[in-house]
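The values are calculated or read from the model by the stated rules, or taken from the named source; none is laboratory data. Please read these numbers as outputs of a predicted model, since none were measured by experiment. As a convention, Cβ positions derive from the backbone with ideal geometry for all residues, glycine included, and neighbour counts pool all protein chains shown. Ligands, DNA and RNA are stripped out before the accessible areas are found, and what is left, the full protein with its side chains, is counted by its heavy atoms. Shrake-Rupley method; radii C 1.70, N 1.55, O 1.52, S 1.80 Å.
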Amino acid sequence: MEAQKSQFVPDWLHKRAQLTPSCVALEDAASGRQITYREWNASANRTADYLRALGVETGDRVAVYASNSLEYLDIWMACGKIGAILQNLNWRLTPAELSALIVNAAPVALIYSGEYTRGVNQMRAGIPSVRHFIAIDQPAAESDRRFSEREAHPNHFDTPTDLAPDHPWVICYTGGTTGLPKGAVLTHANMTWNSINTVMSWGLDQNDVTILNAPLFHTGGLNVFTLPLIHVGGKSIVCKAFDVDQTFDLMEHGGVTVYFGVPTMYVVMQQHPRWATADFSRMKLIISGGAPCPLPIFERFWEKGVDFKTGYGLTEAGPNTFWLPPEDVRRKPGAVGFPLFHIDVRVTRLDGIGCDPGEAGELLIRGPHVTPGYWNNPEATAAVIIDGWLHTGDLAVRDDEGYYTIVGRLKDMIISGGENIYPAEVESVMHAHPAIAEAALIGVPDPKWGEVGRAIIVIKPDQPFSEAEFLVFLGARLARYKVPKSIRCVETLPKTGPGKIDKKALYEQFGGDQ
């Protein structure tokens, strides 16, 4: 008998509300209000029915231009219920950039929070697909609808039965360091398999609690812990944004067990006065992602008894891809470990031949969590997904024990006199200097060596600093060709939407031969 292909896509909140209705799903960090899975499902049902009443149909896009909130999460879940596609917009982009993304995806509704009314009005005339402008709180115009209209709708919803696992759920945008961000399509299957991989390989369970302060326009906010915790019935504490004092409070008194952040967030934490007395004893897992993490950040957590580690992911794949067992955290500093249960990876040379152990090459990923491609961009899709493998553009090394370490971006690698310089390695050493708050390395033209490194650094307030002493410090820890040949001091380093250092902006400002 021929096996039949299942087309079943579950309603996540409906299922979880049936299984653990009284478990707390969400906590609003601002008010302390706690919401059970039964209550969250009812709220998302009202949102789904409201969107349907506005004419939003299966396959339609719903754009959200908002900071983190309970309403944002309701919209995401409601889109899953009706088969609509969430277009989560990066509020750090300019209205001109956002308009281009909106025109490309052609959403029928734009839902926004009050901070962005000015941006909405700037875009309004140039996004003709939008039939409904909906204000979560403060409206940008009197004619705009109020999201509170959903309260008049029923708290039950009949889930459509005709969604296939490969139906898109979210258009999630890449970091956008090279031109406009690309919209990676994340299907129901992609997001489900990322969750399965995470729960199985990271050991999450119903007792886990996380702080959701990564932006929901980023795959880290959606998929590192939020969706996997729905899968197992855990809890997310919803924060409008990253606030260092709030983060310390929740880690110490909020029952938090697992936490994800980008390196810049951990730098802020470790430079804060509360770091010295911070208590992380209740934490099961603290993990970094989004960019290479300097070794001194690891070491400061290890001094406090925390098995702090780095993960690896990208918008196009999950993002969760690797796991480093706790017993290896200090033995393999900086390694991301092994691919998760349903993931296969390779490290290859530019000619496609596999690298030897210890040799850096491009990381390739395949698995059911990998995007089918970019929205309305077949050329970009064909350039990165080849023979079923996602070409990440990231450089990795597999050691002789099979552990993987990410060493940087292929396009960021500096070739100086025929030698490869990986900025992440040099940046990690720069961060170890006591006067350095932030650091980045870029390549600049050089008549003799072709390219050399230039350090862009932020110095801690009230810390003595000497360029000569800094170069001696680096020279004692790095091969001579890796030591930056010039230094630029700045007040702050530019960041992309997910909080990564914006290398494109640094190249534009400091990448000349001056």
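In the stretch 443-459, is there at least one residue being surrounded by fewer than 19 Cβ atoms within 10 Å (Cβ to Cβ) and closer than 30 Å to residue 213 by Cα? Looking through the stretch 443-459, at least one residue is surrounded by fewer than 19 Cβ atoms within 10 Å (Cβ to Cβ) and closer than 30 Å to residue 213 by Cα. Annotation note: of 211, 196, 286, the sole residue that is within 26 Å of residue 21 (Cα to Cα) and in contact with a strand residue (DSSP E or B) (Cβ under 7 Å, 6 or more places away or on another chain) is 211. Within the stretch 136-166, if we keep just the residues that are open to solvent by less than 40 Å² (accessible area, probe 1.4 Å) and touching a strand residue (DSSP E or B) at 6+ places or on another chain (Cβ under 6 Å), the residue that is nearest to residue 111 (Cα to Cα) turns out to be 147.
Scanning the stretch 54-68 turns up at least one residue that is of a type in the set (Ser, Thr, Tyr), in contact with a strand residue (DSSP E or B) (Cβ under 7 Å, 6 or more places away or on another chain), farther than 23 Å from residue 8 by Cα and in contact (Cβ under 8 Å) with a residue 24 or more places away in the chain.
Residues of the stretch 257-304 that are modelled with pLDDT of 95 or more, touching an Asp or Glu at 6+ places or on another chain (Cβ under 9 Å) and β-branched (Val, Ile, Thr): 257, 258, 286. Quick one: is residue 412 within 30 Å of the chain's Cα centre (by Cα) and within 30 Å of residue 66 (Cβ to Cβ)? In short, no. Scan the stretch 364-388 residue by residue and report those that are more than 16 Å from residue 105 (Cβ to Cβ) and either under 20 Å from the mean Cα position of the chain (by Cα) or crowded, with 18+ Cβ neighbours inside 10 Å (or both). The answer is 364, 365, 366, 367, 368, 369, 370, 384, 385.
Where helices (runs of 4 or more DSSP H) sit wholly within the stretch 229-346, those with at least 1 residues that are more than 20 Å from the chain's Cα centre (by Cα) and touching a residue at least 40 places away in the same chain (Cβ under 8 Å) occupy 244-253, 295-302.
For residue 322, the conditions (1) closer than 26 Å to residue 372 by Cα; (2) modelled with pLDDT under 95 all hold with the exception of (2). For the stretch 61-165, give me every one of the helices (runs of 4 or more DSSP H) that falls completely inside it and has 1 or more residues that are closer than 23 Å to residue 26 by Cα and within 22 Å of the chain's Cα centre (by Cα). The helices (runs of 4 or more DSSP H) meeting that bar are 70-82.
Here residue 23 clears all of (1) over 27 Å from residue 116 (Cα atoms); (2) buried (at least 19 other Cβ atoms within 10 Å of the Cβ); (3) touching a Lys or Arg at 6+ places or on another chain (Cβ under 8 Å) except the condition numbered (2). Taking the criterion of being surrounded by fewer than 22 Cβ atoms within 10 Å (Cβ to Cβ) and of a type in the set (Lys, Arg), would at least one residue in the stretch 227-239 satisfy it? Looking through the stretch 227-239, none of the residues is surrounded by fewer than 22 Cβ atoms within 10 Å (Cβ to Cβ) and of a type in the set (Lys, Arg).
When every residue of the stretch 83-104 is checked against the conditions, at least one turns out to be open to solvent by 50 Å² or more (accessible area, probe 1.4 Å) and modelled with pLDDT of 95 or more. Of the residues making up the stretch 13-26, at least one is under 26 Å from residue 107 (Cα atoms), touching a residue at least 24 places away in the same chain (Cβ under 8 Å) and within 24 Å of the chain's Cα centre (by Cα). Could you tell me whether the stretch 301-320 includes any residue that is open to solvent by less than 10 Å² (accessible area, probe 1.4 Å), under 26 Å from residue 343 (Cβ atoms) and of a type in the set (D, E, K, R)? Checked the stretch 301-320: at least one residue is open to solvent by less than 10 Å² (accessible area, probe 1.4 Å), under 26 Å from residue 343 (Cβ atoms) and of a type in the set (D, E, K, R).
Against the list (1) among the β-branched types (Val, Ile, Thr); (2) buried (at least 21 other Cβ atoms within 10 Å of the Cβ); (3) more than 19 Å from residue 31 (Cβ to Cβ), the condition residue 196 fails is (2).
Taking the condition touching a strand residue (DSSP E or B) at 6+ places or on another chain (Cβ under 7 Å) and open to solvent by less than 30 Å² (accessible area, probe 1.4 Å), does residue 337 pass? For residue 337, the condition - touching a strand residue (DSSP E or B) at 6+ places or on another chain (Cβ under 7 Å) and open to solvent by less than 30 Å² (accessible area, probe 1.4 Å) - is met. Summed over the stretch 360-383, residues that are of a type in the set (D, E, K, R) and at pLDDT below 95 total 0.
Listed by position, the strands (runs of 3 or more DSSP E) contained in the stretch 405-514 that have at least 3 residues being within 27 Å of residue 337 (Cα to Cα) are 419-421, 436-446.
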